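Structure record follows, encoded as C-alpha coordinates.
The values are calculated or read from the model by the stated rules, or taken from the named source; none is laboratory data. Just so we're clear, the structure is a prediction, and the values are computed from it rather than from any experiment. For neighbour counting, all protein chains shown are included, and Cβ atoms are generated from backbone atoms with ideal geometry for every residue, glycine included.
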Amino acid sequence: MTATLTEPGTSPVLDLPLALGTELDRYEFTPSELVVAEAPRRATIGAVVPAYNEGATIKAVLKGLLRQTRLPDVIHVVVNNTTDKTFRKASRLAGEHTVVRRGREQTTRVYVHDMGQVPDKKVGALNYGYRLVRGADYLLGVDGDTILAKTALEQLEAEMEADPRIGGISAIYTVDTTPRGPFARFLLTGQRAQFAAFTMQNLLRGRNMAVLGGQASLFRMSALEDVMLAHHQRAPWVSDSEVEDSLLSLQIKSLGYSTKISATARAVVGGMTTLRALDGQQVKWNYGAIDLMWPGQRGDTRGQPFHPNLRLRWTENIGMVVNAATRLLFGLLLAGALSIGAFEFSPVWLVPPVVAVALNVRIALTMRDRTWRDVLFAATLVPAELYMWIRIGHFVRAWSKFLSRSRTDNWAAQAKAERGAGWAYLTPLVVAAVALAGVVWAWTLLPTAAQSAALAVGWPVLGVITVLQTVVMVRRLLRRHHGLRA
(Lines give C-alpha, C1' and ligand atoms only; values in the text may rest on other atoms or scores of the structure.)
Protein backbone atom coordinates (compact mmCIF):
# COMPACT_ATOMS: atom_id res chain seq x y z
CA MET A 1 0.00 0.00 0.00
CA THR A 2 1.09 3.58 -0.62
CA ALA A 3 -0.15 6.74 1.08
CA THR A 4 -0.06 9.87 -1.03
CA LEU A 5 0.43 13.13 0.84
CA THR A 6 -0.98 16.19 -0.90
CA GLU A 7 -1.81 19.78 -0.18
CA PRO A 8 -5.03 21.41 -1.42
CA GLY A 9 -4.65 22.58 -4.98
CA THR A 10 -1.31 20.85 -5.52
CA SER A 11 -0.03 17.63 -6.96
CA PRO A 12 1.31 14.76 -4.78
CA VAL A 13 4.62 15.67 -3.12
CA LEU A 14 5.72 12.40 -1.47
CA ASP A 15 4.88 8.73 -1.65
CA LEU A 16 5.40 6.72 1.58
CA PRO A 17 4.98 2.93 1.76
CA LEU A 18 2.99 1.99 4.86
CA ALA A 19 4.30 -0.62 7.29
CA LEU A 20 2.51 -3.96 7.56
CA GLY A 21 0.22 -3.10 4.68
CA THR A 22 -1.77 -0.57 6.71
CA GLU A 23 -3.84 1.92 4.67
CA LEU A 24 -4.51 5.24 6.36
CA ASP A 25 -7.83 6.90 5.54
CA ARG A 26 -7.22 10.16 7.42
CA TYR A 27 -4.43 12.51 8.39
CA GLU A 28 -4.96 13.36 12.07
CA PHE A 29 -4.39 11.03 15.04
CA THR A 30 -4.69 11.55 18.80
CA PRO A 31 -1.92 10.44 21.22
CA SER A 32 -4.02 7.46 22.31
CA GLU A 33 -4.25 6.08 18.78
CA LEU A 34 -1.73 3.63 17.31
CA VAL A 35 -1.23 3.67 13.60
CA VAL A 36 0.89 0.51 13.60
CA ALA A 37 0.86 -1.72 16.67
CA GLU A 38 3.94 -3.75 17.50
CA ALA A 39 3.16 -7.43 17.79
CA PRO A 40 3.66 -8.53 21.43
CA ARG A 41 6.25 -11.23 22.00
CA ARG A 42 7.63 -12.81 25.14
CA ALA A 43 11.37 -13.49 25.09
CA THR A 44 12.68 -16.91 26.09
CA ILE A 45 15.34 -17.37 28.76
CA GLY A 46 17.43 -20.45 29.42
CA ALA A 47 19.21 -20.63 32.78
CA VAL A 48 22.51 -22.49 33.15
CA VAL A 49 23.85 -23.32 36.62
CA PRO A 50 27.38 -24.80 36.57
CA ALA A 51 27.88 -26.59 39.87
CA TYR A 52 31.12 -27.87 41.37
CA ASN A 53 30.80 -29.33 44.91
CA GLU A 54 27.82 -27.08 45.69
CA GLY A 55 25.92 -29.60 47.80
CA ALA A 56 25.51 -27.08 50.62
CA THR A 57 23.91 -24.40 48.45
CA ILE A 58 22.45 -25.89 45.24
CA LYS A 59 18.91 -26.38 46.62
CA ALA A 60 18.78 -22.77 47.83
CA VAL A 61 20.02 -21.59 44.42
CA LEU A 62 17.31 -23.53 42.57
CA LYS A 63 14.62 -22.40 45.00
CA GLY A 64 15.76 -18.83 44.38
CA LEU A 65 15.29 -19.33 40.63
CA LEU A 66 11.87 -20.91 41.17
CA ARG A 67 10.80 -17.94 43.34
CA GLN A 68 11.45 -15.45 40.54
CA THR A 69 8.59 -13.19 39.53
CA ARG A 70 9.66 -14.02 35.98
CA LEU A 71 10.57 -17.69 35.76
CA PRO A 72 13.26 -18.83 33.33
CA ASP A 73 11.73 -20.95 30.57
CA VAL A 74 14.14 -23.76 31.38
CA ILE A 75 16.84 -24.39 34.01
CA HIS A 76 19.81 -26.67 33.38
CA VAL A 77 22.02 -27.59 36.35
CA VAL A 78 25.36 -28.82 34.99
CA VAL A 79 27.26 -30.72 37.68
CA ASN A 80 30.96 -31.20 36.97
CA ASN A 81 34.05 -32.66 38.68
CA THR A 82 32.02 -33.09 41.84
CA THR A 83 32.71 -35.37 44.79
CA ASP A 84 29.85 -34.33 47.09
CA LYS A 85 26.04 -34.74 46.90
CA THR A 86 25.38 -31.83 44.52
CA PHE A 87 23.71 -34.04 41.87
CA ARG A 88 21.50 -35.86 44.34
CA LYS A 89 20.32 -32.68 46.06
CA ALA A 90 19.68 -30.83 42.81
CA SER A 91 17.74 -33.82 41.44
CA ARG A 92 15.13 -33.41 44.16
CA LEU A 93 13.93 -30.27 42.37
CA ALA A 94 14.17 -31.67 38.85
CA GLY A 95 11.01 -31.70 36.74
CA GLU A 96 8.24 -29.32 35.73
CA HIS A 97 7.20 -26.42 37.95
CA THR A 98 4.09 -24.30 37.32
CA VAL A 99 3.27 -21.15 39.28
CA VAL A 100 1.05 -18.09 38.95
CA ARG A 101 3.06 -14.87 39.06
CA ARG A 102 2.12 -11.34 37.98
CA GLY A 103 -1.38 -12.60 37.22
CA ARG A 104 -0.30 -15.18 34.67
CA GLU A 105 0.63 -18.83 34.75
CA GLN A 106 4.31 -19.58 34.22
CA THR A 107 5.97 -22.93 33.69
CA THR A 108 9.61 -23.95 33.81
CA ARG A 109 11.45 -27.25 33.73
CA VAL A 110 14.52 -28.11 35.78
CA TYR A 111 17.03 -30.55 34.27
CA VAL A 112 20.06 -31.87 36.17
CA HIS A 113 23.10 -33.17 34.25
CA ASP A 114 26.14 -34.85 35.81
CA MET A 115 29.06 -34.52 33.37
CA GLY A 116 31.52 -36.39 35.57
CA GLN A 117 35.13 -35.31 35.19
CA VAL A 118 35.40 -32.39 32.77
CA PRO A 119 38.91 -31.20 31.78
CA ASP A 120 37.65 -27.66 31.11
CA LYS A 121 35.88 -27.54 34.49
CA LYS A 122 33.46 -24.59 34.79
CA VAL A 123 34.11 -23.47 31.20
CA GLY A 124 33.16 -26.93 29.94
CA ALA A 125 29.97 -26.88 32.03
CA LEU A 126 29.00 -23.41 30.77
CA ASN A 127 29.52 -24.36 27.14
CA TYR A 128 27.52 -27.56 27.58
CA GLY A 129 24.72 -25.49 29.10
CA TYR A 130 24.94 -23.04 26.21
CA ARG A 131 24.35 -25.85 23.73
CA LEU A 132 21.34 -27.01 25.76
CA VAL A 133 19.61 -23.60 25.68
CA ARG A 134 20.66 -22.61 22.17
CA GLY A 135 17.64 -21.15 20.43
CA ALA A 136 16.52 -19.08 23.41
CA ASP A 137 16.75 -15.29 23.29
CA TYR A 138 18.80 -14.99 26.47
CA LEU A 139 21.13 -17.14 28.55
CA LEU A 140 21.10 -16.61 32.30
CA GLY A 141 24.33 -17.76 33.95
CA VAL A 142 24.08 -18.40 37.69
CA ASP A 143 26.81 -19.86 39.90
CA GLY A 144 25.98 -22.81 42.12
CA ASP A 145 26.28 -20.67 45.26
CA THR A 146 24.39 -17.57 44.05
CA ILE A 147 20.85 -16.77 45.19
CA LEU A 148 18.92 -14.22 43.11
CA ALA A 149 16.53 -11.72 44.66
CA LYS A 150 13.00 -12.67 43.61
CA THR A 151 12.67 -9.82 41.09
CA ALA A 152 16.21 -10.07 39.70
CA LEU A 153 15.49 -11.91 36.44
CA GLU A 154 12.48 -9.73 35.67
CA GLN A 155 14.61 -6.62 36.13
CA LEU A 156 17.52 -7.96 34.08
CA GLU A 157 15.20 -8.93 31.23
CA ALA A 158 13.44 -5.54 31.27
CA GLU A 159 16.76 -3.70 30.91
CA MET A 160 17.90 -5.98 28.08
CA GLU A 161 14.59 -5.68 26.23
CA ALA A 162 14.67 -1.89 26.55
CA ASP A 163 18.04 -1.55 24.82
CA PRO A 164 19.12 -3.91 22.01
CA ARG A 165 22.65 -2.53 22.25
CA ILE A 166 23.21 -4.41 25.52
CA GLY A 167 25.04 -7.69 24.93
CA GLY A 168 25.11 -8.72 28.57
CA ILE A 169 24.09 -7.38 31.94
CA SER A 170 25.21 -8.38 35.43
CA ALA A 171 23.26 -8.23 38.66
CA ILE A 172 24.61 -6.31 41.63
CA TYR A 173 25.96 -8.98 43.94
CA THR A 174 27.12 -9.01 47.50
CA VAL A 175 28.60 -11.67 49.76
CA ASP A 176 26.48 -13.81 52.07
CA THR A 177 26.88 -12.74 55.72
CA THR A 178 25.75 -15.96 57.38
CA PRO A 179 27.87 -16.23 60.58
CA ARG A 180 30.64 -18.82 60.38
CA GLY A 181 33.01 -17.81 63.18
CA PRO A 182 34.88 -14.57 63.95
CA PHE A 183 37.69 -14.89 61.39
CA ALA A 184 35.35 -16.12 58.63
CA ARG A 185 33.05 -13.15 59.30
CA PHE A 186 36.06 -10.82 59.04
CA LEU A 187 36.99 -12.24 55.63
CA LEU A 188 33.39 -12.11 54.42
CA THR A 189 33.01 -8.49 55.54
CA GLY A 190 36.24 -7.61 53.74
CA GLN A 191 34.96 -9.24 50.56
CA ARG A 192 31.68 -7.34 50.86
CA ALA A 193 33.59 -4.06 51.10
CA GLN A 194 35.78 -5.03 48.14
CA PHE A 195 32.78 -5.95 45.97
CA ALA A 196 30.87 -2.81 47.01
CA ALA A 197 33.78 -0.56 45.97
CA PHE A 198 34.09 -2.38 42.63
CA THR A 199 30.34 -2.20 42.03
CA MET A 200 30.15 1.51 42.78
CA GLN A 201 33.02 2.22 40.39
CA ASN A 202 31.13 0.44 37.61
CA LEU A 203 27.82 2.11 38.46
CA LEU A 204 29.43 5.54 38.30
CA ARG A 205 30.97 4.77 34.89
CA GLY A 206 27.57 4.91 33.22
CA ARG A 207 26.80 1.41 34.57
CA ASN A 208 29.37 0.07 32.10
CA MET A 209 30.46 -3.27 33.56
CA ALA A 210 34.00 -4.43 32.91
CA VAL A 211 33.22 -8.02 33.96
CA LEU A 212 29.94 -9.84 33.38
CA GLY A 213 30.58 -12.10 36.33
CA GLY A 214 29.49 -15.71 36.28
CA GLN A 215 27.71 -15.18 39.59
CA ALA A 216 24.55 -13.80 37.95
CA SER A 217 24.55 -12.38 34.41
CA LEU A 218 22.08 -12.34 31.52
CA PHE A 219 23.53 -12.65 28.00
CA ARG A 220 21.93 -11.90 24.67
CA MET A 221 22.27 -15.11 22.66
CA SER A 222 22.90 -13.21 19.43
CA ALA A 223 25.87 -11.49 21.11
CA LEU A 224 27.33 -14.86 22.14
CA GLU A 225 26.90 -16.17 18.60
CA ASP A 226 28.57 -13.05 17.20
CA VAL A 227 31.53 -13.62 19.54
CA MET A 228 31.87 -17.21 18.36
CA LEU A 229 31.77 -16.14 14.72
CA ALA A 230 34.17 -13.21 15.09
CA HIS A 231 36.73 -15.14 17.12
CA HIS A 232 36.36 -18.53 15.38
CA GLN A 233 35.28 -20.22 18.61
CA ARG A 234 33.21 -23.36 18.97
CA ALA A 235 31.59 -22.02 22.13
CA PRO A 236 31.25 -18.65 23.90
CA TRP A 237 33.62 -19.43 26.77
CA VAL A 238 37.24 -20.53 26.21
CA SER A 239 39.45 -22.50 28.56
CA ASP A 240 42.77 -20.76 27.82
CA SER A 241 41.92 -17.82 30.08
CA GLU A 242 42.00 -17.74 33.89
CA VAL A 243 39.03 -15.35 33.85
CA GLU A 244 36.61 -16.69 31.27
CA ASP A 245 33.95 -14.13 32.24
CA SER A 246 36.30 -11.15 31.81
CA LEU A 247 37.46 -12.38 28.41
CA LEU A 248 33.91 -12.95 27.16
CA SER A 249 32.90 -9.49 28.42
CA LEU A 250 35.84 -7.98 26.55
CA GLN A 251 34.90 -9.83 23.36
CA ILE A 252 31.26 -8.73 23.56
CA LYS A 253 32.32 -5.13 24.09
CA SER A 254 34.75 -5.31 21.15
CA LEU A 255 31.89 -6.22 18.81
CA GLY A 256 30.02 -3.00 19.55
CA TYR A 257 27.67 -4.25 22.25
CA SER A 258 27.59 -2.65 25.67
CA THR A 259 28.22 -4.61 28.86
CA LYS A 260 26.23 -3.24 31.78
CA ILE A 261 25.57 -3.69 35.47
CA SER A 262 21.94 -3.50 36.52
CA ALA A 263 20.80 -0.63 38.71
CA THR A 264 18.19 -2.79 40.45
CA ALA A 265 18.69 -6.56 40.06
CA ARG A 266 20.52 -8.14 42.99
CA ALA A 267 22.03 -11.46 44.03
CA VAL A 268 23.81 -12.89 47.06
CA VAL A 269 26.93 -14.97 46.42
CA GLY A 270 28.92 -17.31 48.59
CA GLY A 271 32.19 -15.92 49.91
CA MET A 272 35.52 -17.45 50.86
CA THR A 273 35.74 -18.21 54.57
CA THR A 274 39.43 -19.18 54.87
CA LEU A 275 42.66 -17.44 53.92
CA ARG A 276 43.63 -20.45 51.81
CA ALA A 277 40.40 -20.38 49.75
CA LEU A 278 40.41 -16.59 49.41
CA ASP A 279 44.01 -16.68 48.19
CA GLY A 280 43.17 -19.30 45.56
CA GLN A 281 40.26 -17.27 44.23
CA GLN A 282 41.91 -13.85 44.26
CA VAL A 283 45.23 -15.01 42.78
CA LYS A 284 43.35 -16.66 39.90
CA TRP A 285 41.32 -13.50 39.30
CA ASN A 286 44.37 -11.23 39.44
CA TYR A 287 46.49 -13.52 37.28
CA GLY A 288 43.74 -13.79 34.69
CA ALA A 289 43.32 -10.01 34.57
CA ILE A 290 47.07 -9.56 34.02
CA ASP A 291 46.90 -12.21 31.30
CA LEU A 292 44.32 -10.11 29.46
CA MET A 293 46.09 -6.80 30.06
CA TRP A 294 49.51 -7.88 28.89
CA PRO A 295 50.11 -8.23 25.11
CA GLY A 296 50.93 -11.59 23.56
CA GLN A 297 49.87 -14.08 26.19
CA ARG A 298 49.10 -17.77 25.98
CA GLY A 299 46.61 -19.27 23.56
CA ASP A 300 44.59 -16.76 21.56
CA THR A 301 43.73 -14.53 24.52
CA ARG A 302 46.03 -11.82 23.27
CA GLY A 303 46.41 -8.90 25.63
CA GLN A 304 44.58 -5.69 24.81
CA PRO A 305 45.99 -3.22 27.34
CA PHE A 306 44.00 -0.24 26.06
CA HIS A 307 40.63 -1.96 25.74
CA PRO A 308 37.86 0.02 27.53
CA ASN A 309 36.98 -2.97 29.71
CA LEU A 310 40.56 -3.14 31.00
CA ARG A 311 40.98 0.49 32.05
CA LEU A 312 39.47 -0.24 35.44
CA ARG A 313 41.84 -3.22 35.78
CA TRP A 314 44.83 -0.96 35.17
CA THR A 315 43.49 1.51 37.72
CA GLU A 316 43.12 -1.29 40.28
CA ASN A 317 46.65 -2.58 39.68
CA ILE A 318 48.22 0.89 39.87
CA GLY A 319 46.24 1.52 43.04
CA MET A 320 47.54 -1.69 44.60
CA VAL A 321 51.13 -0.73 43.74
CA VAL A 322 50.66 2.64 45.42
CA ASN A 323 48.95 1.09 48.46
CA ALA A 324 51.76 -1.41 48.90
CA ALA A 325 54.50 1.19 48.35
CA THR A 326 53.16 3.74 50.83
CA ARG A 327 52.66 1.17 53.57
CA LEU A 328 56.05 -0.46 53.11
CA LEU A 329 57.87 2.86 52.88
CA PHE A 330 56.15 4.26 55.93
CA GLY A 331 56.87 1.17 58.00
CA LEU A 332 60.56 1.03 56.99
CA LEU A 333 61.14 4.76 57.39
CA LEU A 334 59.41 4.83 60.75
CA ALA A 335 61.45 1.88 62.01
CA GLY A 336 64.66 3.45 60.66
CA ALA A 337 63.93 6.82 62.30
CA LEU A 338 63.18 5.17 65.64
CA SER A 339 66.40 3.14 65.48
CA ILE A 340 68.56 6.27 65.39
CA GLY A 341 66.36 8.49 67.55
CA ALA A 342 65.32 10.73 64.64
CA PHE A 343 61.54 10.25 64.89
CA GLU A 344 59.38 13.38 64.99
CA PHE A 345 55.58 13.06 64.95
CA SER A 346 53.51 15.42 62.79
CA PRO A 347 49.70 15.69 62.96
CA VAL A 348 49.68 15.92 59.16
CA TRP A 349 50.33 12.17 59.08
CA LEU A 350 46.79 11.62 60.39
CA VAL A 351 45.17 13.15 57.31
CA PRO A 352 45.55 10.15 54.92
CA PRO A 353 44.12 7.54 57.35
CA VAL A 354 41.24 9.88 58.29
CA VAL A 355 40.38 10.37 54.61
CA ALA A 356 40.69 6.60 54.02
CA VAL A 357 38.28 5.88 56.89
CA ALA A 358 35.81 8.46 55.58
CA LEU A 359 35.95 6.91 52.10
CA ASN A 360 35.52 3.38 53.48
CA VAL A 361 32.54 4.47 55.57
CA ARG A 362 30.93 6.19 52.60
CA ILE A 363 31.27 3.02 50.52
CA ALA A 364 29.81 0.97 53.38
CA LEU A 365 26.84 3.32 53.60
CA THR A 366 26.09 2.86 49.90
CA MET A 367 25.49 -0.87 50.47
CA ARG A 368 21.77 -1.53 50.37
CA ASP A 369 21.96 -4.54 52.68
CA ARG A 370 24.72 -3.24 54.93
CA THR A 371 25.03 -4.50 58.48
CA TRP A 372 26.62 -2.99 61.56
CA ARG A 373 29.68 -5.13 60.82
CA ASP A 374 30.14 -3.44 57.44
CA VAL A 375 30.12 0.04 59.00
CA LEU A 376 32.32 -0.99 61.94
CA PHE A 377 34.79 -2.66 59.56
CA ALA A 378 35.13 0.61 57.65
CA ALA A 379 35.09 3.01 60.59
CA THR A 380 37.68 1.35 62.83
CA LEU A 381 40.48 1.33 60.20
CA VAL A 382 42.33 -1.71 61.59
CA PRO A 383 40.12 -4.43 59.99
CA ALA A 384 40.14 -2.67 56.62
CA GLU A 385 43.91 -2.18 56.86
CA LEU A 386 44.48 -5.84 57.70
CA TYR A 387 42.29 -6.92 54.78
CA MET A 388 44.26 -4.56 52.50
CA TRP A 389 47.48 -6.34 53.48
CA ILE A 390 45.84 -9.66 52.60
CA ARG A 391 44.87 -8.26 49.18
CA ILE A 392 48.42 -6.98 48.67
CA GLY A 393 49.65 -10.53 49.27
CA HIS A 394 47.30 -11.84 46.57
CA PHE A 395 48.41 -9.06 44.21
CA VAL A 396 52.11 -9.82 44.73
CA ARG A 397 51.55 -13.56 44.32
CA ALA A 398 49.68 -13.10 41.05
CA TRP A 399 52.29 -10.78 39.52
CA SER A 400 55.12 -13.04 40.72
CA LYS A 401 53.54 -16.05 39.02
CA PHE A 402 52.97 -14.04 35.86
CA LEU A 403 56.48 -12.55 35.65
CA SER A 404 58.07 -15.92 36.39
CA ARG A 405 56.10 -17.34 33.42
CA SER A 406 54.50 -19.90 35.69
CA ARG A 407 52.10 -22.24 33.93
CA THR A 408 50.26 -23.35 37.03
CA ASP A 409 46.68 -24.51 36.57
CA ASN A 410 45.06 -21.80 38.71
CA TRP A 411 41.64 -23.42 38.35
CA ALA A 412 43.02 -26.56 39.97
CA ALA A 413 44.90 -24.47 42.53
CA GLN A 414 41.69 -22.70 43.56
CA ALA A 415 39.81 -25.98 43.80
CA LYS A 416 42.60 -27.42 45.93
CA ALA A 417 42.56 -24.39 48.20
CA GLU A 418 38.79 -24.59 48.65
CA ARG A 419 39.24 -28.21 49.74
CA GLY A 420 41.59 -26.99 52.47
CA ALA A 421 44.80 -28.26 50.89
CA GLY A 422 48.03 -26.45 49.99
CA TRP A 423 50.21 -23.83 51.67
CA ALA A 424 50.90 -21.43 48.82
CA TYR A 425 48.81 -18.75 50.51
CA LEU A 426 51.55 -18.39 53.15
CA THR A 427 54.19 -17.55 50.54
CA PRO A 428 53.79 -13.73 50.81
CA LEU A 429 54.16 -13.92 54.59
CA VAL A 430 57.32 -16.04 54.41
CA VAL A 431 58.86 -13.86 51.68
CA ALA A 432 58.00 -10.69 53.61
CA ALA A 433 59.59 -12.05 56.78
CA VAL A 434 62.79 -13.01 54.97
CA ALA A 435 62.94 -9.68 53.12
CA LEU A 436 62.34 -7.73 56.32
CA ALA A 437 65.12 -9.63 58.08
CA GLY A 438 67.45 -8.80 55.17
CA VAL A 439 66.54 -5.10 55.26
CA VAL A 440 67.09 -4.90 59.03
CA TRP A 441 70.47 -6.61 58.71
CA ALA A 442 71.54 -4.27 55.87
CA TRP A 443 70.35 -1.22 57.86
CA THR A 444 72.49 -2.14 60.84
CA LEU A 445 75.56 -2.30 58.59
CA LEU A 446 75.11 1.28 57.34
CA PRO A 447 76.95 4.11 59.08
CA THR A 448 74.80 6.69 60.85
CA ALA A 449 75.45 9.30 58.15
CA ALA A 450 74.18 6.94 55.45
CA GLN A 451 71.12 6.10 57.53
CA SER A 452 70.32 9.79 57.98
CA ALA A 453 70.78 10.41 54.24
CA ALA A 454 68.42 7.54 53.41
CA LEU A 455 65.79 8.99 55.74
CA ALA A 456 66.29 12.47 54.30
CA VAL A 457 65.48 11.17 50.81
CA GLY A 458 62.84 8.61 51.79
CA TRP A 459 60.49 10.87 53.76
CA PRO A 460 59.99 13.47 50.97
CA VAL A 461 59.41 10.71 48.41
CA LEU A 462 56.83 9.11 50.66
CA GLY A 463 55.26 12.53 51.26
CA VAL A 464 54.75 13.20 47.54
CA ILE A 465 53.22 9.75 46.91
CA THR A 466 50.95 10.07 49.93
CA VAL A 467 49.73 13.52 48.91
CA LEU A 468 48.80 12.28 45.44
CA GLN A 469 47.10 9.22 46.91
CA THR A 470 45.14 11.40 49.34
CA VAL A 471 44.00 13.72 46.56
CA VAL A 472 42.63 10.72 44.64
CA MET A 473 40.80 9.50 47.77
CA VAL A 474 39.32 12.97 48.41
CA ARG A 475 38.11 13.12 44.82
CA ARG A 476 36.39 9.76 45.22
CA LEU A 477 35.00 10.81 48.58
CA LEU A 478 33.40 13.96 47.17
CA ARG A 479 32.07 12.36 43.98
CA ARG A 480 28.29 12.32 43.76
CA HIS A 481 26.67 8.88 43.79
CA HIS A 482 23.36 10.06 42.28
CA GLY A 483 21.38 7.78 44.58
CA LEU A 484 23.06 4.59 43.32
CA ARG A 485 23.42 1.76 45.81
CA ALA A 486 26.06 -0.97 45.80
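General remarks:
- Taken as a whole, segment 156-170 holds at least one residue that is surrounded by fewer than 23 Cβ atoms within 10 Å (Cβ to Cβ) and in contact with a helix residue (DSSP H, G or I) (Cβ under 7 Å, 6 or more places away or on another chain).
- Count of segment 65-86 residues which are farther than 16 Å from A136 by Cβ, over 23 Å from the mean Cα position of the chain (by Cα) and not in a loop (DSSP other than H, G, I, E, B): 2
Yes/no per residue for (1) out of contact with any strand residue (DSSP E or B) (no Cβ under 7 Å at 6 or more places or on another chain); (2) in a helix (DSSP H, G or I); (3) more than 30 Å from G319 (Cβ to Cβ):
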position	(1), (2), (3)
V110	no, no, yes
G116	yes, no, yes
L132	no, yes, yes
M160	no, yes, yes
T174	no, no, no
L187	yes, yes, no
Q194	yes, yes, no
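- Of the listed requirements (1) under 24 Å from G463 (Cα atoms); (2) at pLDDT below 95; (3) touching a helix residue (DSSP H, G or I) at 6+ places or on another chain (Cβ under 9 Å), A356 misses just one: (2).
- Options G168, G144: the member that is touching a strand residue (DSSP E or B) at 6+ places or on another chain (Cβ under 8 Å) and in a strand (DSSP E or B): G168
- Meets criteria (in contact with a Phe, Trp or Tyr (Cβ under 9 Å, 6 or more places away or on another chain) and surrounded by 15 or more Cβ atoms within 10 Å (Cβ to Cβ)) for Y138: yes
- Set A162, A158: member being at pLDDT 95 or above and either within 29 Å of L484 (Cβ to Cβ) or aromatic (F, W, Y) (or both): A158
- Residues within segment 77-118 that are surrounded by fewer than 16 Cβ atoms within 10 Å (Cβ to Cβ), out of contact with any Phe, Trp or Tyr (no Cβ under 6 Å at 6 or more places or on another chain) and not aliphatic (A, V, I, L, M), tallied: 18
- Identity of the residue in segment 354-385, without any contact (Cβ under 8 Å) to a residue 24 or more places away in the chain and not β-branched (V, I, T), that ends up farthest from R266 (Cα to Cα): E385
- Within segment 96-108, considering residues that are in contact with a strand residue (DSSP E or B) (Cβ under 6 Å, 6 or more places away or on another chain) and among the β-branched types (V, I, T), the one modelled with the lowest pLDDT: V99
- Residue in segment 3-15 that is modelled with pLDDT under 95, closer than 30 Å to G214 by Cα and either in contact with a Gly (Cβ under 7 Å, 6 or more places away or on another chain) or surrounded by fewer than 17 Cβ atoms within 10 Å (Cβ to Cβ) (or both) present: no
- So S262, is it surrounded by fewer than 21 Cβ atoms within 10 Å (Cβ to Cβ) and under 30 Å from D369 (Cβ atoms): no
- Taking segment 186-225 as the range and being over 30 Å from R475 (Cα atoms) and either surrounded by fewer than 18 Cβ atoms within 10 Å (Cβ to Cβ) or modelled with pLDDT under 90 (or both) as the test, the residues that pass are G214, S222, E225.
- Output for segment 25-55, where each listed residue is modelled with pLDDT of 75 or more, within 24 Å of E154 (Cβ to Cβ) and part of a loop (DSSP other than H, G, I, E, B): R41, R42, A43, T44
- Members of segment 99-134 found to be farther than 25 Å from T151 by Cα and either of a type outside the set (A, V, I, L, M) or over 28 Å from the mean Cα position of the chain (by Cα) (or both), listed by number: H113, D114, G116, Q117, P119, D120, K121, K122, G124, N127, Y128, R131
- Residues that are in contact (Cβ under 8 Å) with a residue 60 or more places away in the chain and in a loop (DSSP other than H, G, I, E, B) were ranked within segment 329-346; the one that is surrounded by the most Cβ atoms within 10 Å (Cβ to Cβ) is A342.
- Failed criterion for E54 (all others in (1) closer than 26 Å to S222 by Cβ; (2) charged (D, E, K, R); (3) surrounded by 16 or more Cβ atoms within 10 Å (Cβ to Cβ) hold): (1)
- Evaluation of A325 against (1) surrounded by fewer than 18 Cβ atoms within 10 Å (Cβ to Cβ); (2) within 20 Å of the chain's Cα centre (by Cα) (one fails), failing number: (2)
- Among the residues of segment 239-284, the one identified as farther than 25 Å from T427 by Cβ, part of a helix (DSSP H, G or I), among the hydroxyl-bearing types (S, T, Y) and touching a residue at least 60 places away in the same chain (Cβ under 8 Å) is S249.
- Filtered by the rule that a residue be under 23 Å from R131 (Cβ atoms) and part of a loop (DSSP other than H, G, I, E, B), segment 87-103 gives L93, A94.
- Unmet criterion (only one of (1) aliphatic (A, V, I, L, M); (2) within 30 Å of D240 (Cβ to Cβ); (3) at pLDDT 90 or above) for A424: (3)
- Positions within segment 198-254 being aliphatic (A, V, I, L, M) and under 14 Å from the mean Cα position of the chain (by Cα), in sequence order: M200, L203, M209, A210, V211, L212, A216, L218, V243, L247, L248, L250
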